[in-house]
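Reading through the structure tokens given below for one structure.
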Amino acid sequence: MPEHRKEILVRLAENYRVPLIDDTVFSELQYERPYPTTLRCYDCYDREGCVIEVGSISKTFALGLRVGWIIAPKSLIDRLSLLIKISIICVPGINQLIAARFLSSGAYDEHRD
């Protein structure tokens, strides 16, 4: 989606006070660089905190890892956390630890590029 349309989309969501889910799970599975920007990427886009970004390294690093994340306004985190707990009750802790170390070490950025 062109950059100017991303901003328009976020403004519409803000005007109508509806959450906007930006699914970025597959955004890094392409050969073009730079990677597409997310709707939360620029402060000028999401002024009201309406964008919820969903991401994962499961598609670009290890398919069986099944680890992802949600970046959302703090006001939604508690409610989303309850839903996440219900839906990921069976994700092994070791998978979560592998993903956390891979992301925090900076190795994911090297692997992705």
(request) Scan the range 13-51 for residues that are at pLDDT 80 or above, over 27 Å from ASP109 (Cβ atoms) and either surrounded by 12 or more Cβ atoms within 10 Å (Cβ to Cβ) or hydroxyl-bearing (Ser, Thr, Tyr) (or both) and jot them down. (result) ALA13, GLU14, TYR16, PRO19, CYS50
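So which residues in the range 46-63 are without any contact (Cβ under 8 Å) to a residue 24 or more places away in the chain and over 15 Å from PHE26 (Cα atoms)? Please lay out each step first, then the result.
Initially, the range 46-63 is screened for residues without any contact (Cβ under 8 Å) to a residue 24 or more places away in the chain, giving 63.
Of everything in the range 46-63, nothing turns out to be without any contact (Cβ under 8 Å) to a residue 24 or more places away in the chain and over 15 Å from PHE26 (Cα atoms).
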(request) Go through the range 61-73 and give me each residue that's within 20 Å of LEU39 (Cα to Cα) and either touching a helix residue (DSSP H, G or I) at 6+ places or on another chain (Cβ under 8 Å) or modelled with pLDDT under 80 (or both). (result) ILE70, ALA72
(request) Scan the range 89-104 and give yes if some residue there is under 18 Å from the mean Cα position of the chain (by Cα), surrounded by 15 or more Cβ atoms within 10 Å (Cβ to Cβ) and farther than 21 Å from PHE26 by Cα, otherwise no. (result) no
(request) For the range 3-12, enumerate the residues that are among the β-branched types (Val, Ile, Thr) and crowded, with 17+ Cβ neighbours inside 10 Å. (result) VAL10
(request) Return the total of residues in the range 1-31 being polar (S, T, N, Q) and in contact with a Phe, Trp or Tyr (Cβ under 7 Å, 6 or more places away or on another chain). (result) 1
(request) Return only the number of the condition from (1) at pLDDT below 80; (2) under 17 Å from ASP109 (Cβ atoms) that SER56 does not satisfy. (result) (1)
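The values are calculated or read from the model by the stated rules, or taken from the named source; none is laboratory data. The shown structure was predicted, so the numbers you read here are calculated from the model rather than taken from an experiment. Heads up, the Cβs are rebuilt from the backbone with ideal geometry, glycines too, and the neighbour counts pull from every protein chain shown.
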